[in-house]
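Trainee: Structure provided below as structure tokens; questions to follow.
Please treat every number below as a calculation from the coordinates, not as lab data. Note that the structure is predicted; figures quoted are calculated from it, not measured. Cβ atoms come from the backbone with ideal geometry, glycine included; neighbour counts cover every protein chain shown.
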């Protein structure tokens with residue numbers, strides 16, 4: 001049987017980490033990346049993944065985005081590990097090189113799975129939830145804070161026509177972490193959005209690692225408030241409360257406590273000292289973040305569903321000020337968040 005051809009489209013910190021695990025285990029993998037210096041560094045010196053417990057070095061096959069048009073073969077599986085706002089154009093880029101019975105798995109935050117399906121069809125789309133902590137500031141070298149033993153994925157199809165792909169996508173991701181198979185991937189992704197709305201942008205606004213930000217006076221109430229608004233919005237949209245990160249059915253059943261429990265599970269199981277969020281990493285590099293796909297999505301959906309979202313609205317407003325250069329990420333921003341979120 002021919003070995004399946006795999007592409008990791010978006011080989012930044014998380015994509016490179018997953019790709020390196022697949023290459024380590026002998027799979028046929030091509031890393032496709034939009035940062036030219038990173039591609040050239042991997043070609044010259046290989047890819048190094050530094051983890052707390054070990055270091056992994058591989059020699060990957062790499063491509064610049066502009067080189068995709070030179071492909072002759074097609075991929076059986078594409079792991080799309082790009083920002084949520086890049087999902088549609090990235091899917092359009094790779095669609096001509098996806099095998100007829102191939103699949104694109106959106107290994108991303110946010111609710112972008114439908115954007116992939118709009119391009120290649122629901123039958124060739126797989127949704128996932130990803131929980132990996134990693135950073136990359138030097139091309140070719142990734143600091144992965146959570147190795148495979150501390151990384152987690154959920155895998156699920158949007159509809160029955162794609163169920164046949166679940167196992168092969170899950171088996172690939174199992175090289176890089178624990179995998180759960182779920183029946184309702186959209187609701188599972190919304191639960192991850194509840195977690196992300198609590199942590200990713202809020203802690204980035206303070207300019208601190210996630211553990212340090214949680215310890216700042218007043219931050220936990222803001223983080224929990226953002227998560228509760230996201231949970232209420234999800235309920236209004238018809239999303240049930242589902243267990244992720246190892247939540248038990250009993251913990252999920254305690255609706256008033258579930259956001260607190262989710263936050264505690266995340267910090268106990270996945271957040272390591274000095275780990276920063278992808279949002280703060282983007283701002284440090286002068287780049288646009290996923291705020292509109294995270295807290296901004298909660299605000300937009302809450303407005304449509306009639307659910308108030310004052311905390312998420314405050315987070316979005318402050319984040320946009322940072323991205324416009326009007327503010328810098330700083331601990332003092334907690335007071336601004338509080339004043340905006342609780343002004344009424």
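Trainee: Among the residues of region 158-165, are any under 17 Å from the mean Cα position of the chain (by Cα) and surrounded by 20 or more Cβ atoms within 10 Å (Cβ to Cβ)?
Mentor: no
Trainee: Suppose we filter region 16-31 for residues that are part of a strand (DSSP E or B) and crowded, with 24+ Cβ neighbours inside 10 Å; how many remain?
Mentor: 2
Trainee: How about region 40-61: which of its residues are in contact with a strand residue (DSSP E or B) (Cβ under 7 Å, 6 or more places away or on another chain), under 23 Å from residue 71 (Cα atoms) and touching a residue at least 60 places away in the same chain (Cβ under 8 Å)?
Mentor: Matches in region 40-61: 42, 46, 47.
Trainee: If the requirement is being assigned to a helix (DSSP H, G or I), surrounded by 21 or more Cβ atoms within 10 Å (Cβ to Cβ) and without any contact (Cβ under 8 Å) to a residue 40 or more places away in the chain, which of these qualifies: 299, 315?
Mentor: Being assigned to a helix (DSSP H, G or I), surrounded by 21 or more Cβ atoms within 10 Å (Cβ to Cβ) and without any contact (Cβ under 8 Å) to a residue 40 or more places away in the chain holds for just one of 299, 315, which is 299.
Trainee: Can you pull out the residues in region 73-128 that are crowded, with 24+ Cβ neighbours inside 10 Å, part of a helix (DSSP H, G or I) and free of Cβ contacts under 8 Å to residues at least 40 places away in the same chain?
Mentor: Within region 73-128, 87, 91, 116 qualify.
Trainee: Which members of region 32-50 meet the condition of being buried (at least 22 other Cβ atoms within 10 Å of the Cβ) and over 20 Å from residue 131 (Cα atoms)?
Mentor: 32, 33, 38, 39, 42, 47
Trainee: If you check residue 257 against the conditions, is it in contact with a helix residue (DSSP H, G or I) (Cβ under 8 Å, 6 or more places away or on another chain), over 27 Å from residue 207 (Cβ atoms) and free of Cβ contacts under 8 Å to residues at least 12 places away in the same chain?
Mentor: yes
Trainee: Restricting the search to region 129-169, which residues are in contact with a helix residue (DSSP H, G or I) (Cβ under 6 Å, 6 or more places away or on another chain) and in a strand (DSSP E or B)?
Mentor: Once the filter is applied, which keeps residues that are in contact with a helix residue (DSSP H, G or I) (Cβ under 6 Å, 6 or more places away or on another chain) and in a strand (DSSP E or B), region 129-169 yields 129, 134, 135, 136, 142, 144, 153, 154, 155, 156, 157.
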